[in-house]
Amino acid sequence: MPQDRESGSRAAHWGLATAAAIAAAIGATKVRNGSNECIFEGQRVVIKCAHERTAYVGVLSDMLDRIDGVIGAFERPDGVYDLRCMSRDEYLRRMRRSLSRSHAPHRGQQVRRADFELHGRYLRTVRI
């Protein structure tokens with residue numbers, strides 16, 4: 001089902017809240033409120049969360065210019081999250097362009113969950 005403004009807003013709120021809880025669980029330090037960017041193991045990363053049936057996570061182009069890596073937090077059927085980290089360069093190699101009508105530079109760049117599983121470094125599994 002396509003996302004509308006309301007469902008998109010709910011998804012964004014869920015993603016920020018879930019990323020904040022995951023950051024706290026792994027000892028990452030949030031860079032600022034209202035963002036899912038943080039410092040983890042001395043690097044600036046973004047935590048991107050995906051529900052169990054979500055096949056992709058996306059990072060905005062301008063964010064890719066300032067981070068060192070992406071942590072994909074992928075929900076499992078039992079409600080826990082598998083965390084996998086991918087360097088910025090690996091993320092750039094694996095991403096696909098957004099399929100939106102606008103290909104403006106601010107649009108999201110997505111990577112498949114399967115690519116995180118194949119090419120990302122497993123960090124840990126967390127329950128939040």
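The values are calculated or read from the model by the stated rules, or taken from the named source; none is laboratory data. The shown structure was predicted, so the numbers you read here are calculated from the model rather than taken from an experiment. In this analysis, Cβ positions are derived from the backbone assuming ideal geometry, glycine residues included, and neighbour counts consider all displayed protein chains.
Looking at segment 3-18, I want the residues that are farther than 21 Å from residue 127 by Cα and have a partner that is outside any helix (DSSP H, G or I) and aromatic (Phe, Trp, Tyr) with Cβ atoms under 7 Å, at least 6 apart or on another chain. Which pairs are those?
Between residues of segment 3-18 that are farther than 21 Å from residue 127 by Cα and residues that are outside any helix (DSSP H, G or I) and aromatic (Phe, Trp, Tyr), there is no close pair.
Using the structure shown, decide if residue 60 is surrounded by fewer than 19 Cβ atoms within 10 Å (Cβ to Cβ), under 16 Å from residue 109 (Cβ atoms) and not β-branched (Val, Ile, Thr).
Judged against the criteria, residue 60 is a match.
Going through 79, 58, 72 one at a time, which residue ends up being closer than 18 Å to residue 15 by Cα and at pLDDT 95 or above?
Numbers: 79 fails: at pLDDT 95 or above; 58 fails: at pLDDT 95 or above.
After ruling out the rest, the residue left standing is 72.
Quick check, is residue 67 touching a Phe, Trp or Tyr at 6+ places or on another chain (Cβ under 8 Å), modelled with pLDDT of 95 or more and either at negative phi or surrounded by fewer than 19 Cβ atoms within 10 Å (Cβ to Cβ) (or both)?
When the stated conditions are applied, residue 67 does not pass them.
What number of residues in segment 56-98 are in a loop (DSSP other than H, G, I, E, B) and either within 20 Å of residue 128 (Cβ to Cβ) or of a type outside the set (Val, Ile, Thr) (or both)?
Looking only at segment 56-98, we keep the residues that are in a loop (DSSP other than H, G, I, E, B), and these are 65-68, 76-80, 95, 98.
Keeping just the survivors that are either within 20 Å of residue 128 (Cβ to Cβ) or of a type outside the set (Val, Ile, Thr) (or both) gives 65-66, 68, 76-80, 95, 98.
Number satisfying all stated conditions: 10.
Looking at (1) farther than 23 Å from residue 91 by Cα; (2) among the hydrophobic types (A, V, I, L, M, F, W, C); (3) not in a helix (DSSP H, G or I), which is the one condition that is false for residue 38?
Checking residue 38 against (1) farther than 23 Å from residue 91 by Cα; (2) among the hydrophobic types (A, V, I, L, M, F, W, C); (3) not in a helix (DSSP H, G or I), the one that fails is (1).
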